[in-house]
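*Asks:* Have a look at the structure that comes next, please.
The values are calculated or read from the model by the stated rules, or taken from the named source; none is laboratory data. All values derive from a computational prediction rather than experimental measurement. Cβ placement follows ideal geometry from the backbone for every residue including glycine, while neighbour counts extend to all protein chains displayed.
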Amino acid sequence: MMRAKAVSVTLLGLALVILACDRDQERAQNQNASANAAPVQAVSYPPDPGPPPAADGDRALQYVKDIVKFGPRPLGSEGHKKVEDYIDSHLKGDDVEDDTFTADTPEGKFPVHNIVAKYPGTKDGIILIASHYDTNYPLRKTSFVGANDGGSSTGLLLELANHLRGKQRDGYSVWLVWDDAEEAMKPDGSGGLPNEMPFEKDSLYGITHLVDKWQADGTLKKVKALILADMIGDADLNVERDTHSTSWLEDVIYEAATRLGYQSHFFGRQLEVSDDHVPFLKRGVPSVDLIDFNYGYNDTYWHTTQDTVDKLSPRSLQIVGSVILESIRILDKMEPLPPK
Ligand SMILES: [Zn+2]
């Protein structure tokens, strides 16, 4: 996962205040604009059609352990190739789209490989669930394995595939996206080091390529929602409410979490996060980033060699996986979905 780490607590506080002010202003404007309009109806969510979904956290964690054993997975590395093959080996028999291209990065040209597994539904439209699987390139010469950052959500998506495979979905098609080259190639401009680059210009290579391709071939307009998972394996699970994300979709996530009794792990803190959902948001696709950006006290494990499997918990993977499955179930039956 990448994000401007340089935002100090004070600056972040300021940013949140500004955002809050903006929102108050927006609310006031909306109230003025809607004074003569019909009253807005409260969203009512469809009832559950059956017993709650339950992702298998132990199985998901085993996938993460397998992935981490390959070592660092930066672009162009042996570990990267191994994790590509590992993901593919678990999708045998599924409908898989490989999106391969060459990315021109500040560190040179690299092959990039997005993997998309498609599980068809009866409704017209697609729900995307995404995770990046690469690890940070500037850390490639360290023992950094990204157990949480890249590993946890990659393993979780493999577990979600087990729940989607071989079933006739009574709802939207669900596509699982393991996207590549999310991480920055240069230090991300937050550490005051030489040769840094702003992360907006040096990250999200894989997902941006996919969004452009799907825009061109008409796929993107069929996408009803993107649920992105990143850094969701922390044993101390606190998923942020990201201010970039689409608020009605965050509300669906919270409804799903509440139905399963996991709401205390969601949205206790509000943050502005730049991640793989941004290219989708720019094209008007409702998107939510499920990320716990407090990994170790004050996020001290993030992008360090301390990001190891012992910091993760199968329960966190089970919680996030189950909430994603429940959210899909709610989205399947929400008529109509809120406007983009
Ligand atoms: Zn990262």
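*Asks:* Among what's in the range 287-302 and is in contact (Cβ under 8 Å) with a residue 12 or more places away in the chain and of a type in the set (S, T, N, Q), pick the residue that is nearest to the ligand (Cβ to nearest atom).
*Replies:* ASN294
*Asks:* Another question about this same structure. If you go through the range 122-139 one residue at a time, do you hit one that is β-branched (Val, Ile, Thr) and either within 16 Å of the ligand (Cβ to nearest atom) or without any contact (Cβ under 8 Å) to a residue 12 or more places away in the chain (or both)?
*Replies:* Kept after step one, since they are β-branched (Val, Ile, Thr), are these residues of the range 122-139: 122, 126-127, 129, 135.
If we keep only those that are either within 16 Å of the ligand (Cβ to nearest atom) or without any contact (Cβ under 8 Å) to a residue 12 or more places away in the chain (or both) too, we end up with 135.
Scanning the range 122-139 turns up at least one residue that is β-branched (Val, Ile, Thr) and either within 16 Å of the ligand (Cβ to nearest atom) or without any contact (Cβ under 8 Å) to a residue 12 or more places away in the chain (or both).
*Asks:* Give the residue, chosen from GLY268, GLY296, that is surrounded by fewer than 22 Cβ atoms within 10 Å (Cβ to Cβ) and on the phi > 0 side of the Ramachandran plot. Don't jump to the end; show me each part of the working.
*Replies:* Details: GLY268 fails: on the phi > 0 side of the Ramachandran plot.
Going through GLY268, GLY296 in turn, the sole match is GLY296.
*Asks:* Name the residues in the range 140-179 that are within 13 Å of the ligand (Cβ to nearest atom), of a type in the set (D, E, K, R) and either farther than 24 Å from PHE101 by Cβ or assigned to a loop (DSSP other than H, G, I, E, B) (or both), would you?
*Replies:* Of everything in the range 140-179, just one residue is within 13 Å of the ligand (Cβ to nearest atom), of a type in the set (D, E, K, R) and either farther than 24 Å from PHE101 by Cβ or assigned to a loop (DSSP other than H, G, I, E, B) (or both), namely ARG140.
*Asks:* If you don't mind, another one. Taking only the range 60-86 into account, find how many residues are buried (at least 18 other Cβ atoms within 10 Å of the Cβ), under 22 Å from SER313 (Cα atoms) and either at pLDDT below 95 or among the charged types (D, E, K, R) (or both).
*Replies:* Here the count works out to 1.
Residue-wise test of (1) among the β-branched types (Val, Ile, Thr); (2) assigned to a helix (DSSP H, G or I); (3) surrounded by fewer than 18 Cβ atoms within 10 Å (Cβ to Cβ).
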{"position": "ALA184", "(1), (2), (3)": "no, no, no"}
{"position": "THR208", "(1), (2), (3)": "yes, yes, no"}
{"position": "TRP214", "(1), (2), (3)": "no, yes, no"}
{"position": "ALA229", "(1), (2), (3)": "no, no, no"}
{"position": "ILE232", "(1), (2), (3)": "yes, no, no"}
{"position": "GLU240", "(1), (2), (3)": "no, no, no"}
{"position": "GLU250", "(1), (2), (3)": "no, yes, no"}
{"position": "PHE280", "(1), (2), (3)": "no, yes, no"}
{"position": "LEU290", "(1), (2), (3)": "no, no, no"}
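*Asks:* Just give me the residues in the range 33-59 being buried (at least 18 other Cβ atoms within 10 Å of the Cβ) and either assigned to a loop (DSSP other than H, G, I, E, B) or at pLDDT below 95 (or both), in sequence order.
*Replies:* PRO53, ALA55
*Asks:* OK, next. Of the conditions (1) closer than 23 Å to VAL252 by Cβ; (2) at pLDDT below 95; (3) not in a loop (DSSP other than H, G, I, E, B), CYS21 clears all except one; give me its number.
*Replies:* Result: CYS21 passes all but (1).
*Asks:* Scan the range 68-97 for residues that are within 25 Å of LYS167 (Cβ to Cβ) and of a type outside the set (Phe, Trp, Tyr) and jot them down. Even if it seems obvious, please write down each step before you answer.
*Replies:* If we filter the range 68-97 for residues that are within 25 Å of LYS167 (Cβ to Cβ), which is where we start, we get 86-97.
Selection gives ILE87, ASP88, SER89, HIS90, LEU91, LYS92, GLY93, ASP94, ASP95, VAL96, GLU97.
*Asks:* Is one or more of the residues making up the range 187-200 within 13 Å of the ligand (Cβ to nearest atom) and of a type in the set (Asp, Glu)? Lay out the reasoning, then the answer.
*Replies:* Residues of the range 187-200 that are within 13 Å of the ligand (Cβ to nearest atom), as a first pass: 187-188, 190, 199.
Narrowing the set further to residues that are of a type in the set (Asp, Glu) leaves 188.
Yes, the range 187-200 has at least one match.
*Asks:* Exactly one of (1) touching a Gly at 6+ places or on another chain (Cβ under 9 Å); (2) of a type outside the set (Lys, Arg); (3) modelled with pLDDT under 95 is unmet by LEU193. Its number?
*Replies:* The one condition LEU193 does not meet is (1).
*Asks:* Does at least one position in the range 105-114 carry a residue that is of a type outside the set (Asp, Glu), touching a Pro at 6+ places or on another chain (Cβ under 9 Å) and within 16 Å of the ligand (Cβ to nearest atom)?
*Replies:* So far as the range 105-114 goes, no, none of its residues is of a type outside the set (Asp, Glu), touching a Pro at 6+ places or on another chain (Cβ under 9 Å) and within 16 Å of the ligand (Cβ to nearest atom).
*Asks:* Here's something else I'd like to know. For PRO339, only one of the following conditions fails: (1) closer than 30 Å to LEU220 by Cα; (2) not in a loop (DSSP other than H, G, I, E, B). What is its number?
*Replies:* Evaluating PRO339 over (1) closer than 30 Å to LEU220 by Cα; (2) not in a loop (DSSP other than H, G, I, E, B) leaves (2) as the failure.
*Asks:* Specify the residue that is nearest to the ligand (Cβ to nearest atom); the eligible residues are those in the range 227-242 that are among the hydrophobic types (A, V, I, L, M, F, W, C) and in contact with a strand residue (DSSP E or B) (Cβ under 7 Å, 6 or more places away or on another chain). Before you say what the answer is, go through the steps one by one.
*Replies:* Residues of the range 227-242 that are among the hydrophobic types (A, V, I, L, M, F, W, C), as a first pass: 227-229, 231-232, 235, 237, 239.
Imposing the further condition that a residue be in contact with a strand residue (DSSP E or B) (Cβ under 7 Å, 6 or more places away or on another chain) reduces the set to 227-229, 231-232, 235, 239.
Numbers: ILE227: 19, LEU228: 13, ALA229: 13, MET231: 8, ILE232: 13, ALA235: 18, VAL239: 16 Å.
Result: MET231.
*Asks:* Now for a separate question. Please work out if LYS118 is away from the ligand (no atom under 16 Å from the Cβ), part of a strand (DSSP E or B) and in contact with an Asp or Glu (Cβ under 8 Å, 6 or more places away or on another chain).
*Replies:* Numbers: away from the ligand (no atom under 16 Å from the Cβ): yes; part of a strand (DSSP E or B): yes; in contact with an Asp or Glu (Cβ under 8 Å, 6 or more places away or on another chain): yes.
Answer is yes for this residue.
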